[in-house]
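Comments concern the structure below.
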Amino acid sequence: MSDRVVVAGAVCDRGRLLAARRSAPPELAGRWELPGGKVEPGELPEEALVRELREELGVEARPVERIPGAWPLKPGLVLQVWTAALVSGTPRPLEDHDELRWLGPDEIHTVDWLDQDRPAVAEAAGRLRAH
Ligand code: CDP
């Protein structure tokens, strides 16, 4: 059986990357992540990403491109990441998060990212710097 995909967004706007602090579960609370969630049956990863960013942040976003790689979360669950652009709205921590922060390329290391998000965060930060 293939792994269930968790899709997360490296949301970039005006040269900064959006970081979200998890409020639950207790073992992850306080750690920072790229917002996202599980792809539902019948959904494409990009569709799931748009839905998750709408639910969690209250914004409309557009997936831009996949960051190459797939990072195992636990047996049967794998993380994939897309860069994303804001289409409308201002992100707010509506669900799963208690704080959001926009980080410039030199601020990326100022928050405690989930280990599994770090490679994609590093890649996204490099792209911010290049633009
Ligand atoms: O909301 P939903 O149940 O769809 O997903 P979630 O609970 O936000 O994420 C599912 C799993 O993916 C959790 O174990 C998260 O810790 C993990 N995850 C992650 O490792 N990195 C992310 N950027 C997003 C989720």
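GNM on the chain, C-alpha springs below 10 Å: top fluctuator among ASP106, ASP117, ASP98? Maximum among the listed residues: ASP106.
In sequence order, region 7-18 has phi-based couplings of 10, 10, x, 8, 7, 10, 8, 6, x, 10, 10, 8 Hz under the Karplus curve 6.51 cos²θ - 1.76 cosθ + 1.60, θ = phi - 60°, and Gly or Pro positions carry x. Taking the chain as a Gaussian network of alpha-carbon nodes connected by springs under 10 Å, the highest mean-square fluctuation of the residues GLY36, GLY89, GLY58 belongs to GLY89. Which of the three applies to the chain, rounded, prolate or oblate, going by the alpha-carbon gyration tensor with a ≥ b ≥ c and a/c under 1.5 meaning rounded? Rounded, because the longest to shortest axis ratio a/c is under 1.5.
Is the shape of region 14-80 rounded, prolate or oblate, going by the alpha carbon gyration tensor and its root eigenvalues a ≥ b ≥ c, with a/c under 1.5 for rounded and a/b larger than b/c for prolate? Verdict is rounded for region 14-80.
Using only side-chain charges placed at the Cβ, +1 for Lys and Arg and -1 for Asp and Glu, the dipole size of region 20-131 relative to its Cα centre rounds to 220 debye.
Here the chain exposes an accessible surface that is 51 percent carbon and sulfur, computed with a 1.4 Å probe and the other protein chains kept in place.
If Lys and Arg each add +1 and Asp and Glu each add -1, what is the summed charge of the other residues whose beta carbon sits under 14 Å from the beta carbon of ARG62? Each step should come with its number before you reach the end.
Details: positive: ARG51, ARG54, ARG66; negative: ASP13, GLU46, GLU47, GLU52, GLU60, GLU65.
Around ARG62, the charge tally is -3.
Normalised per residue, the accessible area of the chain is 53 Å², obtained with a 1.4 Å probe and no contribution from ligands, DNA or RNA. Summing charges over neighbours of LEU28, with a neighbour being any other residue whose Cβ is under 13 Å away from its Cβ, gives -3 when K and R count +1 and D and E count -1. By the scheme Lys and Arg +1, Asp and Glu -1, what is the net charge of all other residues having a beta-carbon under 12 Å from that of VAL78? Spelling it out: positives minus negatives among the neighbours equals +2.
The values are calculated or read from the model by the stated rules, or taken from the named source; none is laboratory data. Since the structure is predicted, the reported quantities are computational estimates derived from the model, not experimental observations. A quick note on method: Cβ atoms are made from the backbone with ideal geometry, for glycine too, and the neighbour counts reach across all protein chains shown. In case anyone asks, the SASA skips ligands and DNA or RNA and just uses the protein heavy atoms, side chains included. Shrake-Rupley method; radii C 1.70, N 1.55, O 1.52, S 1.80 Å.
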